[in-house]
Structures are given as structure tokens and as C-alpha cells.
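Read-outs throughout are calculated quantities, based only on the coordinates presented, and are distinct from any laboratory measurement. Bear in mind that the values here come from a model prediction, so they are computed numbers and not experimental data. When we count neighbours, we look across all protein chains shown, and the Cβ atoms used for this are built from the backbone with ideal geometry, even at glycine.
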Amino acid sequence: LAMTGTAKKMQPSGKQLNQFELNFLDSCRKIGFSDETIIRSQSYANQIVKQIMPYAKKDRYNRISNYPRYTPLNTEGSWYPTPPAFFSPVEPYFNTVRPFFIDSAKAFRSVPPVPYSKEKNSPFFKLLTGVYTDGGSGLTAETKEIAAFWDCNPFALKNEGHLLIGLKKISPGAHWIGITGIACQKAKVDFSKTLQIYTVVATGLTDSFISCWDEKYRSNRIRPETAVRNLIDPNWKPMLQTPPFPEYMSGHSHISSTTATILTYFFGDNFSYKDDVENKYGLKSRKFKSFNKAAEEAAISRYYGGIHFKDGIENGVKVGVKIGEYIVNELQANKIKPLK
């Protein structure tokens with residue numbers, strides 16, 4: 001109730017949660033909750049909402065719409081919108097939002113990306129030919145499955161004649177929220193601890209995205225799809241549709257590493273599980289021996305999908321881990337303990 005009450009005030013589409021809330025209360029009555037308990041719960045939830053909203057209003061997200069429209073840089077090697085829809089860049093000012101754990105978006109910076117170059121013996125061109133091959137003709141059934149499983153692109157489209165139809169997919173963050181739920185259910189975590197773990201994961205994801213987006217729009221690096229078409233093969237298409245924002249660093253690599261570090265703290269390393277989050281979107285489950293193994297696969301999936309360079313992935317992992325470790329240190333300092 002606190003979640004829906006907050007979301008109804010923060011989201012433009014918040015009213016759509018009214019029916020969800022009614023259905024939830026009906027389910028509570030069916031399993032034995034009395035009207036008195038429900039009324040008390042609603043009152044307590046409203047108190048939580050009143051505490052959260054003033055804090056949320058100061059996070060600076062509501063100022064983003066006041067910034068000038070972002071225009072891609074007209075310089076060689078810089079990001080430019082990609083097909084099929086050539087979307088405007090997503091959240092170019094997200095680095096201005098207040099984080100939860102880290103001090104600022106600039107607290108964890110990466111080394112710069114490999115410099116753009118047209119020279120065929122340059123480090124950049126080697127990165128480019130690598131993703132062109134491994135994200136193209138070098139794909140196997142296994143690497144295709146990995147790329148599809150971790151695609152998580154809510155902006156994906158498909159062509160239907162002269163129309164572009166949106167595909168129903170979850171975001172990378174939502175995928176890891178789903179994994180958190182799977183882990184809590186498998187470990188039979190009680191309600192209070194489950195809420196705590198979800199909260200840490202959600203706020204950790206946010207901080208990781210803020211940090212990553214700070215780098216994306218500082219580096220403004222060209223996507224493999226654009227560079228390959230300009231320098232190697234004008235007809236090349238990566239397996240995955242390229243998301244509408246700069247390449248460096250890989251967001252999925254970044255946030256997956258942060259979240260895996262947090263979940264490993266709570267559940268321990270070598271916590272095996274079956275990830276069925278993507279079943280409802282027509283993809284098979286995948287089994288993992290640990291959260292870190294899952295994060296490694298999520299990271300390399302962007303290379304197989306043809307949407308990221310190797311250095312964008314590898315450095316995304318490094319910074320994501322550092323943020324995760326920082327958050328774990330904060331948890332320990334505040335005596336938030338892992339599961340026994």
C-alpha cells in the first residue's frame with residue numbers, strides 16, 4: 001500500500017494502480033485479514049507516503065524536463081541516433097538526480113574509452129571488427145540465446161509493413177528486481193528482510209544507473225552499429241536493436257555487477273538459482289551458479305548482441321563492482337546484516 005500510494009503520486013499513470021490496489025485488498029480479505037487490520041495498514045501506509053514524498057521531491061528528477069533538448073554532437077566518433085526509430089537520447093540529464101548511497105554521479109568514474117579511429121591497425125578498429133564478427137557472423141546458438149535472454153530493451157521495435165510496433169520487454173533493472181524475488185523465495189526470507197533486500201537492490205540500481213549515465217553523456221561514444229555501417233559494412237545489423245543512448249559504458253554490465261555484489265552480500269557466493277524472469281516474454285529459463293556468474297553473462301551478452309564494444313563492457317563491470325562494494329561497506333557500517 002505504501003508502494004502504490006507513493007507511485008500514484010509520482011507517476012503520471014499512477015491512477016492505473018487504483019484497481020491493482022483494490023484487487024490486492026480483496027486478496028488480503030480472502031486469506032483472512034480483518035477489515036480492522038486493513039484499515040490500520042492503510043493508515044500506516046499513508047504515513048509512510050507522507051514521509052517519502054517530501055524527500056522524493058528534492059531528488060531533482062522533476063527538474064529534468066526544464067533542461068534544454070539534448071542535441072547529438074556533430075563530431076566524428078560521437079553518438080548518433082540509430083535505426084529503426086532513431087529515438088531521441090534517453091535521460092541525458094539523469095546524472096543530475098540525487099543518488100541514495102554514493103555522494104554524486106561523479107564519485108565513481110571510469111577510465112576513458114579507447115579513442116575513435118578510422119585506422120585499421122588502431123585499438124578502436126580492433127574493437128570494432130571484434131564486435132562486427134562476434135556480434136554477426138560469429139554468433140552461435142548459445143551466444144544468440146544469451147544475447148536474447150539479457151536484451152531487456154523496453155524500446156525494442158519490429159517492422160510490420162510500414163509500421164513500427166513496440167515489443168513488450170522489461171528493463172535491465174526490472175530483470176534484476178525479478179532475480180531478487182527469486183532469491184528471496186528460494187531462501188525463504190521473511191517479509192521484513194525481503195523488503196530490506198528489495199530496497200537496497202532498488203536504490204543500488206538507481207545509483208549505478210546515475211553513475212553510468214554520467215559517463216555515457218560525458219564520453220558520448222558512437223555505437224558499434226553506426227561505426228560498422230560507416231567504416232566496414234553499410235548493411236550491417238546487430239542481433240539486438242541498439243538502445244537510444246551513447247555506448248560507453250555498458251549500462252547492463254554496470255548495474256548487473258552492482259546488483260550481483262549486493263545480492264552476494266545478502267545471500268552468499270555460489271547461491272545457485274534458476275532465472276525464469278523472461279518466461280512471460282517467451283524466453284527459456286537459465287540456471288546460474290551465482291549472482292556474479294549471472295552478471296558476467298549479462299555483461300558479455302551486450303557484445304554478442306552487437307551493441308557494445310569490449311572496453312565499454314569490461315570497464316562497466318569494474319565500476320559497477322566498485323559501487324556495489326561501496327554500498328556493501330555502507331550496509332556493514334549501519335549494521336545491516338546478510339542472511340545467516
I need the peptides 73-83, 240-250 ranked by packing, meaning the mean over residues of other C-beta atoms within 10 angstrom, with the highest value on top.
240-250, 73-83
Those helices of the chain passing the 15 Å axial Cα length cut-off and the mean Kyte-Doolittle cut-off of -1.0 (DSSP H runs only) are 17-30, 35-57, 172-186, 191-219, 251-267, 291-304, 310-333
Charge dipole (debye, nearest 20) of the chain; +1 at Cβ of Lys and Arg, -1 at Cβ of Asp and Glu
580
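Have a look at the DSSP beta bridges in the chain and tell me what percent are antiparallel, nearest 5.
Within the chain, antiparallel bridges account for around 100 percent of the total.
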What is the calculated FRET efficiency for I39 to N121, with r their C-beta to C-beta distance and R₀ = 51 Å, to the nearest 0.05?
0.10
May I ask for the distance between the Cα centers of the range 33-73 and the range 133-162, given as a whole number of Å?
35
Going highest first, how would you order 47-53, 13-19 by mean Cβ packing within 10 Å?
47-53, 13-19
Check cross-link reach from K188 to the lysines: straight Cα distance under 17 Å, and skip same-chain residues fewer than eight apart.
K274, K337, K340
Which pairs in the list K58/K318; K144/K287; K193/K335; K8/K193 are over 19 Å apart, alpha-carbon to alpha-carbon?
K58/K318; K8/K193
Residue-count net charge about N235 - beta-carbon cut-off 12 Å; Lys, Arg +1, Asp, Glu -1:
0
Would you work out the charge dipole size for the range 144-214 about its Cα centre, treating the Cβ of every Lys and Arg as +1 and the Cβ of every Asp and Glu as -1, and quote it to the nearest 20 debye?
280
Could you give the size of the charge dipole of the range 1-58 about its Cα centre, using +1 on the Cβ of each K and R and -1 on the Cβ of each D and E, expressed in debye and rounded to the nearest 20?
340
